[in-house]
Amino acid sequence: MFQQKKIDGSAKSYLDQLFEIKPQFQRFNQKNDIFNRSMWDDKINPKNFYVSYDITNYKPKKSKGFDHWDYALRNASWHLTDVVGEMTFPETGRVEGFTDYYTTQTKGPPTKVDLPSLEETTHRIKKASTMLGAGMVGICELDDRWVYSHNFSRKTQAAQKLDLPATISHAILLILPMDYELSKTIPSALGGATTGLGYASSLNVATALAQFITNLGYEAIASLNDTAQSIPMAIQAGLGEYGRNGLLITPKYGPNVRIAKVFTDLPLLPDQPIEFGVKQFCETCRKCSDACPVKAIAKAEPAATPPNFSSHSFIKKWTVNAEKCFKFWVGMNTDCAICIRVCPYNKDYSKWWNRLGIRLANSPLRKIMRWLDDKLEFGKRQAAKWWWA
Ligand code: SF4
Ligand code: SF4
């Protein structure tokens with residue numbers, strides 16, 4: 001992999017400085033995220049977006065990548081996540097993995113396992129995470145700022161106060177790569193299969209890791225998009241940097257990832273944040289903001305005031321306009337992610353020339369790297385039939 005600088009000092013204060021977090025900052029109420037707003041806010045109309053994930057309701061489109069085969073594969077990639085996530089919905093109103101953490105674990109033993117050193121315990125957790133399927137794994141101390149103040153019940157339409165058990169001390173952040181080849185077909189229903197696959201892998205690894213820790217006699221809570229904001233936690237856990245497209249950019253898979261997490265009381269050694277030139281590159285690149293069809297990605301400097309209340313205030317960062325973005329998804333009946341496809345960090349890093357390109361991005365030659373990226377047509381959309389072939 002290419003050069004990375006580990007940041008000294010506390011990971012928490014690193015984020016304070018990186019995002020210039022103001023004293024007025026408050027934990028985010030998940031009721032206000034754009035997906036939950038589409039359940040209660042008349043301004044956000046999901047039309048046929050969600051129902052298209054049931055194949056009996058899909059509507060084929062003339063554009064390529066939106067036919068019966070494409071929707072069939074996309075919806076199949078979501079199948080496991082949907083079935084497990086909504087298993088108890090009729091009784092409890094839980095949508096696990098999205099508004100609520102998973103409750104799939106079976107009971108642990110009456111006694112806790114004897115722990116080796118902190119270093120060895122941490123090594124074993126990381127080894128197990130990788131074996132279970134994580135592409136990258138990092139650890140941070142629990143920073144309450146990223147835990148949602150409330151989650152949202154899609155059954156009762158009410159926000160509910162959210163607090164993790166007081167014993168939780170750490171979070172294990174898991175990176176699940178999405179499919180690079182499929183990402184080239186975005187936006188399309190077919191391309192949406194890479195997202196579905198990412199969620200299914202996340203569900204598998206996070207719930208298995210939580211069960212492993214439970215089996216050792218410790219507390220563990222498996223989580224995907226629910227409970228806490230994954231991106232700042234993943235930065236604290238040393239898994240990547242924050243990009244203009246509002247996503248985590250990892251050194252191994254770029255932004256083409258999903259993030260899962262396991263909260264635990266198991267004593268672990270936290271990682272340190274890393275830098276590998278993303279912030280400086282994003283300052284000049286703007287490929288995602290140029291490519292976004294609805295201009296939802298800022299071309300300007302990071303700001304502490306978000307475009308609307310679906311994003312955090314009092315934290316200075318590039319913020320995607322979630323209202324504009326979701327409206328585009330609704331129009332297509334699938335998720336978009338053009339900002340992942342075109343990002344120069346979205347590469348197959350098993351190829352040496354791609355690793356070299358990213359070294360260039362972290363050097364004074366970054367403008368040349370950006371120029372080359374266009375010239376060589378990286379990030380160009382491919383037709384669905386190219387992928388099927
Ligand atoms: S997902 Fe698509 S619409 Fe949303 S910000 Fe990215 S490029 Fe724009
Ligand atoms: S496309 Fe360019 S500006 Fe946007 S996140 Fe990727 S590197 Fe940063």
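Other residues within the sphere of radius under 14 Å centred on the Cβ of Lys59, judged by their own Cβ, net out at +1 (K and R +1, D and E -1). Length available on full extension from Trp388 to Asp163: 0.36 nm per residue minus the Cα-Cα distance, which gives 76.5 nm. In terms of surrounding Cβ atoms within a 10 Å radius of their Cβ, Tyr199, Tyr218 rank from fewest to most as Tyr218, Tyr199. On the beta carbon distance between Ser10 and Ile368, with R0 = 41 Å, the FRET formula returns roughly 0.70. Helix screen, the chain: DSSP H segments with Cα axial length of 24 Å or more and mean Kyte-Doolittle hydropathy at least -0.5 are 68-85, 192-215.
Inter-label distance, Asp41 to Glu91: 3.4 nm, where each label sits 7 Å from its Cα along the C-beta direction. Report the paramagnetic label zone for Ala72: residues of region 181-203 whose backbone N is under 20 Å from a point 7 Å from Cα along the Cα-to-Cβ axis. The answer is 182, 188-197. For the pair Ser63 and Thr156, label points projected 7 Å from Cα toward Cβ lie 4.0 nm apart. Within the same chain, aspartates and glutamates fewer than 8 places from Lys6 are excluded, and of the rest, those with a Cα less than 13 Å from its Cα are Glu241, Asp271, Glu275.
Using 0.36 nm per residue and subtracting the Cα-Cα separation, the extra length available between Gln24 and Val294 on full extension is 94.1 nm. Summing +1 for each Lys or Arg and -1 for each Asp or Glu among the other residues whose beta-carbon sits under 10 angstrom from that of Gly97 gives -4. Look at Leu209, Leu15 and count the other Cβ atoms within 10 Å of each Cβ; fewest to most, that gives Leu15, Leu209. In summary, the lysines within cross-link reach of Lys155, defined as a Cα separation below 17 angstrom excluding same-chain residues under 8 places away, comprise Lys31.
Answer with one residue from Pro90, Val330, Thr207: the one whose Cα lies farthest towards the positive end of the charge dipole of the chain, charges on Cβ with Lys, Arg +1 and Asp, Glu -1. In the chain, that residue is Val330. Calculated mean residue ellipticity, 222 nm, the chain: -10500 deg cm²/dmol, from DSSP H runs (n ≥ 4) at -39500 (n - 2.57) each, averaged per residue and rounded to 500. Between Asp348 and Leu80, the modelled label-to-label distance comes to 2.4 nm, taking each label 7 Å out from Cα in the direction of the beta carbon. Given the pairs Lys316/Lys367; Lys64/Lys351; Lys184/Lys279; Lys252/Lys279; Lys22/Lys295, which span a C-alpha to C-alpha distance of over 22 angstrom in this model? As for pairs spanning more than 22 Å Cα to Cα, those are Lys316/Lys367; Lys64/Lys351; Lys184/Lys279; Lys22/Lys295. As a length-normalised measure over Cα pairs under 8 Å and 6 or more apart, the relative contact order of the chain settles at 23 percent. Once you list every other residue whose beta carbon is under 15 Å from the beta carbon of Gln4, what net charge do they have if Lys and Arg are +1 and Asp and Glu are -1? Overall, the nearby charge balance is +2.
Taking a straight Cα-Cα cut-off under 14 Å and skipping sequence neighbours fewer than 8 places away in the same chain, the aspartates and glutamates within cross-link reach of Lys299 are Glu283, Asp290.
Throughout, read-outs are computed from the coordinates displayed, never taken from laboratory work. Just so we're clear, the structure is a prediction, and the values are computed from it rather than from any experiment. No Cβ is skipped: glycine too gets one built from the backbone with ideal geometry, and neighbour counts run over all protein chains shown.
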